[in-house]
Amino acid sequence: MRISEIATAAGTTPRAVRHYHRLGLLPEPVRPDNGYRDYGMAELARLMRIRWLAENGLSLGAMAAVFAAEPGTSDTEDLRADLAALHDEISHRVAQLVRKKEGLGRMLATVDAGRALTALPVELADALDAARERADDLERSALNRERDLLEIIAISGDTPDEMFTWFARAISDTSARESYRRMLRGWEQLRGRAVEQCGELIGQVAHELAAGLRAADFDSLLASGAASGPDFSPAELVPDPAQRRAVLRAIELLTGHPDTRP
């Protein structure tokens with residue numbers, strides 16, 4: 001077979017065949033007197049194996065080790081380690097793709113339902129929208145920033161659903177709404193103020209926040225570490241120093257352990 005014929009038989013191109021020659025993956029056949037490469041069954045089998053390995057995820061650089069490995073040798077052990085690493089990498093990529101597919105499915109459902117795209121749970125997004133409609137200017141401004149912060153927390157992926165459930169209940173539940181409104185107004189008043197000048201207000205906001213989260217059993221989640229990793233605090237996502245201090249104080253009230261982060 002000429003190079004074009006073996007390439008066609010293997011479902012590839014003459015250019016690819018020449019590339020495999022240059023890499024040493026496909027030995028060049030002996031040239032007869034006419035000067036043309038004459039490929040046989042052995043070369044076709046090798047070329048098909050190269051395609052098979054590539055289709056299963058192996059890079060061209062890894063194929064030399066496949067062809068060099070002999071059963072029972074150290075080369076085989078190295079090959080197995082390489083294959084296991086590649087398998088783990090692909091499994092990780094597949095898991096990422098599954099998460100992306102599920103996320104896109106939720107986004108499509110949101111758009112089909114006529115809703116705005118958001119990372120927040122539907123229950124919380126609806127509660128915030130309803131609260132904005134009945135809020136005064138100060139509360140509406142605070143709710144807008146509250147929504148931004150909650151979306152940041154949601155996207156960070158470090159907070160359990162129970163926290164968002166509490167916020168949705170606090171915003172929409174008549175019995176909890178007044179406490180939430182006090183916390184929200186205090187939260188807005190903290191923004192931009194120096195920590196040392198608003199200690200009393202920080203304490204008030206922290207107690208309101210802690211009381212609400214305790215009602216949602218969020219304190220047990222914090223204490224067990226289920227709410228986040230061991231080195232993570234929700235306060236890290238709050239840029240304003242005074243507001244961040246209120247969150248840290250609320251966590252301290254919930255867990256009984258002071259948080260020394262600034």
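Among the residues of segment 8-18, the ones that are free of Cβ contacts under 8 Å to residues at least 40 places away in the same chain and not in a loop (DSSP other than H, G, I, E, B) come to 7 in all. In this structure, is residue 97 open to solvent by 70 Å² or more (accessible area, probe 1.4 Å) and at pLDDT 95 or above? Judged against the criteria, residue 97 is a match. Name the residue that is farthest from residue 132 (Cα to Cα), counting only residues in segment 157-199 that are open to solvent by less than 90 Å² (accessible area, probe 1.4 Å), in a helix (DSSP H, G or I) and acidic (Asp, Glu). Looking at the filtered set, the residue picked out is 162. Filtering segment 85-138 to residues that are of a type in the set (Ser, Thr, Tyr) and not in a helix (DSSP H, G or I) leaves only 118.
Suppose the filter is within 19 Å of residue 239 (Cβ to Cβ), in a helix (DSSP H, G or I) and open to solvent by less than 50 Å² (accessible area, probe 1.4 Å); does residue 141 pass it?
Details: within 19 Å of residue 239 (Cβ to Cβ): yes; in a helix (DSSP H, G or I): yes; open to solvent by less than 50 Å² (accessible area, probe 1.4 Å): yes.
Yes: the conditions hold for residue 141.
Sub-9 Å Cβ pairs linking a first residue in segment 84-99 that is closer than 13 Å to residue 57 by Cα to a second residue that is at pLDDT below 95 and small (Gly, Ala, Ser), at least 6 apart or interchain, are 86/57; 86/59; 86/62; 87/57; 89/57; 90/57, ordered by first then second residue.
Screening residue 231 with (1) modelled with pLDDT of 80 or more; (2) out of contact with any Asp or Glu (no Cβ under 8 Å at 6 or more places or on another chain) gives one miss only, at (1). Being under 16 Å from residue 5 (Cβ atoms) and basic (Lys, Arg) is the filter here, so list the residues in segment 21-50 that pass it. Of everything in segment 21-50, those that are under 16 Å from residue 5 (Cβ atoms) and basic (Lys, Arg) turn out to be 31, 37, 46. Listed by first and then second residue, the pairs linking a residue in segment 47-71 that is more than 18 Å from residue 21 (Cβ to Cβ) and without any contact (Cβ under 8 Å) to a residue 12 or more places away in the chain to a residue that is in a helix (DSSP H, G or I) and open to solvent by 40 Å² or more (accessible area, probe 1.4 Å), with Cβ atoms under 7 Å apart and 6 or more places separating them unless they lie on different chains, are 69/75; 69/76; 70/76.
The single condition from (1) open to solvent by less than 70 Å² (accessible area, probe 1.4 Å); (2) touching a residue at least 12 places away in the same chain (Cβ under 8 Å) that residue 103 fails is (2). Scanning segment 30-68 for residues that are open to solvent by 60 Å² or more (accessible area, probe 1.4 Å), in a loop (DSSP other than H, G, I, E, B) and over 16 Å from residue 79 (Cα atoms) returns 30, 31, 33, 34, 36, 38.
Being surrounded by fewer than 18 Cβ atoms within 10 Å (Cβ to Cβ), at pLDDT 85 or above, within 30 Å of the chain's Cα centre (by Cα) and charged (D, E, K, R) is a description that does not apply to residue 147.
The values are calculated or read from the model by the stated rules, or taken from the named source; none is laboratory data. This is a predicted model, so every value here is computed, not measured. Heads up, the Cβs are rebuilt from the backbone with ideal geometry, glycines too, and the neighbour counts pull from every protein chain shown. Just the protein is used for accessible areas: all its heavy atoms, side chains included, with ligands, DNA and RNA removed. Shrake-Rupley method; radii C 1.70, N 1.55, O 1.52, S 1.80 Å.
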